[in-house]
Structures are given as C-alpha cells and as structure tokens.
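This report refers to the structure that appears directly beneath it.
Values quoted throughout were computed directly from the atomic coordinates according to the rules given, and no laboratory measurement underlies them. Source: prediction; values computed, not measured. Cβ sites come from the backbone with ideal geometry, for glycine too, and all protein chains shown count toward neighbours.
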Amino acid sequence: MKTPKLLLPFLFFLLIIGCSKDSANPDDGTLGVDKSANLKALGASANELLSDAKFTSLTIEVVYVTGFKPTEAALNNLTQFLSNHTFKPDGLTITTRAVASSNKAPFSIEEIAQIEKDERLVYTTGDEIAVFIYVADGSNENDENNKVVLGSAFRNTSVVLYGKTIENISNNSNSTAKSDLESVVLNHEFGHLFGLVDVGSPMQVNHEDSENEAHCNVEGCLMTANIEFGGSIIDMVDTNIPELDDFCINDLAANGGK
Ligand SMILES: [Zn+2]
Ligand SMILES: [Zn+2]
C-alpha cells in the first residue's frame, strides 16, 4: 500500500511544528503575545528587576476585584520602595484596573495562576519589564485560625494579595490602617521578586531564617516571615512600616540593585 508511506513524513512534520511552538510559549493562549519572559520561577528576574542592564523601565499592572482597589497611599509607598532599591532610569509606571470576581475563593495558587492567565494584559517586552499584581476577593485555601497568608510572590513577575484577608485584619484592629498593611505586604512580595532571601539574589552574609525558607532572620526586617503570614504583623505595623535591614539591602546591591 502506498498511503502509509506518504502519510508518515507529513505526520512527523506536524509533530515537530507542534513541539517547537509549545516550547516557545508554554502557557500562551493569545496569538502574537510572547509571555515566556513572565513564566519563570520566583527570583529568576531578580537582577532584571533591580538593575538597568537589560530593562530600563518597570511597569506594574495592578488588577483588583471590584471593591478591593489598593489604597493610593500603599501604591505611593510601593513606588518609593521601588525607586529606593532599583535602577530604572526610564521610569516606573503603575496602572490599576478592576475586574469581576472569579467566584473561586478560597484560592489555591494554581487558581490564582489561572486567573493571571485570563486577566493579565501587560508582559515584558523591549527594554520594559512588567509585573502583574492581582488583588483577590478571598483568602488562601490553606489559611488556619492563627496563621493566614496575606500575599504571595508565585513567579518571577507575579504577585497575589489576599485582599479579603488584609481587610479582615485591618477591620479587627483599632490601630492598623489598611493602607499600612497593604504597603507592608506589597513591599515584602517585591522583596521576593528581587530574590530575597537567597532565591535569586545570593546571600552575601548568612541571614536566612532557618525555619522559614526565603525569609530574613533579622528582627524587624521587612523580609521576616511573619509579614507574609499574619500574626505579630500588627505589632510591627503599629509602630512603623518595616524596611529592609542592611543584610537584605546588601544582597540587592550585590545583584544590581541598591
Ligand atoms: Zn515572604
Ligand atoms: Zn532582612
């Protein structure tokens, strides 16, 4: 029979085309948009975010579920934090946009990643690196009574804030403003995107918390673990919004930041 012989090379050809397309854009459902630069592991873009060697500007797309818009004060504090620690001579841009609820709360991180795939519009291109922040209308599904997750940096340029959890904590506190709590969580998650602690920005001196991977062991530092997991965080925010300690700053400086 002749037909199988003719079909074989044709099928083989299709297979190769299919594979090469998949490997170029592993998560791409949008024609013409190359998302590959934004689908890397946490910390993989630390140097690219901190320095101006490859990207001279930074754009942040904040997508929030209606009713969970971050405060202006928190976004202003984030801008200040970014200009304190990064070199972006062509500027920082923050855009905000409301979307409808996904109705999926409480969330697994896989569900948050799927929402990012559906809602994210801005990707790294040219000399501009892009970061996506999603403010969710619910909590993380692994929350326990005395240990709740306020936010998470889950890929090289992807962050989620659990807006409902942040709101609940500030509502239950007489002294902690929602804007202060948002500021701390936003800055902390950016610290992770910047490769802290020892996930993308190598430690210059050992200061990793032995019980909490990727966190700092210096009391009062922005990168201590209790900021991501609510707890004594209200005590810290009551007095002032925590900053990075010298060990964390030195790690950023060694990796192209300041
Ligand atoms: Zn953390
Ligand atoms: Zn630190």
Long-range amide H contacts for VAL131: which residues qualify at under 5 Å (H placed 1.01 Å from N, peptide plane, sequence gap of 5 or more or a different chain)? THR59, ILE60, GLU61
Can you run phi through the Karplus equation (6.51, -1.76, 1.60; θ = phi - 60°) for the range 150-167 and list ³J(HN,Hα) in whole Hz, with x for Gly and Pro? 8, x, 7, 9, 10, 8, 4, 9, 10, 9, 10, 10, 8, x, 5, 5, 4, 4
Given pairs LYS54/LYS117; LYS35/LYS104; LYS88/LYS147; LYS147/LYS178; LYS69/LYS117; LYS69/LYS147 and cut-off 27 Å on Cα-Cα distance, the over-length ones are LYS88/LYS147
Take ASN84 and SER36, extend 7 Å from each Cα along the Cα→Cβ direction, and tell me the distance between the two endpoints in nm. 3.7
Please give every one of the aspartates and glutamates within straight-line cross-link reach of LYS164, meaning a C-alpha to C-alpha distance under 13 Å, and leave out same-chain neighbours fewer than 8 residues apart. ASP137, GLU141, ASP143, GLU182
Hz values of 3J(HN,Hα) by residue in the range 116-122 - Karplus curve (6.51, -1.76, 1.60), Gly and Pro given as x: 4, 4, 6, 9, 5, 10, 9
Phi-based couplings in Hz for the range 70-85 (Karplus 6.51, -1.76, 1.60; Gly and Pro marked x): x, 5, 4, 4, 5, 5, 5, 5, 5, 4, 5, 4, 5, 6, 5, 10
Multiply the residue separation of GLU144 and THR93 by 0.36 nm, subtract the distance between their alpha-carbon atoms, and state the gained length in nm to one decimal. 14.8 nm
Please compute the modelled spin-label separation between ALA105 and SER57, points set 7 Å along Cα→Cβ, answer in nm with one decimal. 3.5
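What is the range 117-258's relative contact order, in percent, from Cα pairs under 8 angstrom and six or more apart in sequence?
Working: 213 pairs, mean separation 28.5, N = 142.
With pairs under 8 Å counted, the relative contact order is 20 percent.
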